[in-house]
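What follows is a single structure, written as structure tokens, with notes after it.
The values are calculated or read from the model by the stated rules, or taken from the named source; none is laboratory data. Just so it is clear, the model here is predicted, and its values are computed rather than measured. Note: ideal-geometry Cβ built from the backbone for every residue, glycine included; neighbour counts use all protein chains shown. Note: accessible area is taken over every heavy atom of the protein model, side chains too, but ligands, DNA and RNA are not part of it. Shrake-Rupley method; radii C 1.70, N 1.55, O 1.52, S 1.80 Å.
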Amino acid sequence: MNKIKYFFLLTLTLISIGCAVQRQSKFTSKPIKLGMTKEAVITLYGRPYKESSSIDNSQNMLETLYYKEHIFLRRWYEVNSILYLENSVLKSLEQGKEQLLDKNRQVIVR
């Protein structure tokens with residue numbers, strides 16, 4: 001009997017974990033700090049989905065990292081975060097455009 005209870009408890013736990021949704025940006029749940037190195041940013045937040053780089057007139061390496069997240073707030077939104085680095089050091093963070101992913105359906109969570 002105890003084995004059956006543990007099996008159902010384990011199954012319920014795994015289902016609950018699998019149904020978890022992201023309700024806030026990882027950039028607010030794991031605070032980002034200006035001055036972080038590019039390596040620290042990637043270690044904390046993962047690889048960006050897109051990168052760009054250039055060198056300015058003063059020979060500084062300018063990099064831009066683009067992160068895309070899907071966040072559920074009664075509806076699914078795509079949120080973009082743009083990180084600007086100079087010589088592999090984070091100088092600024094900008095939240096890009098939010099986009100509603102599914103305009104036709106609304107889920108009400110109580």
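Output yes when any residue across the stretch 23-34 is at pLDDT 90 or above, in a loop (DSSP other than H, G, I, E, B) and not polar (S, T, N, Q), and no when none is. Looking for residues that are at pLDDT 90 or above, in a loop (DSSP other than H, G, I, E, B) and not polar (S, T, N, Q), one finds at least one in the stretch 23-34, hence yes. Of all the listed residues (Leu83, Leu65, Leu90), the sole one being surrounded by 13 or more Cβ atoms within 10 Å (Cβ to Cβ), touching an Asp or Glu at 6+ places or on another chain (Cβ under 6 Å) and at pLDDT 95 or above is Leu65. Close contacts from the stretch 35-50, counting a first residue that is under 14 Å from Asn87 (Cα atoms) and a second that is of a type outside the set (A, V, I, L, M, F, W, C) and in a loop (DSSP other than H, G, I, E, B), with Cβ to Cβ under 9 Å and a gap of 6+ residues or different chains, come to Thr37/Ser88; Lys38/Ser88; Glu39/Ser88; Ala40/Lys33; Val41/Pro48. Total residues in the stretch 68-80 satisfying the condition of being over 19 Å from Ile32 (Cα atoms) and either part of a strand (DSSP E or B) or open to solvent by less than 50 Å² (accessible area, probe 1.4 Å) (or both): the figure is 4. Residue-level analysis places Glu51 among those that are part of a strand (DSSP E or B), open to solvent by 80 Å² or more (accessible area, probe 1.4 Å) and at pLDDT 95 or above.
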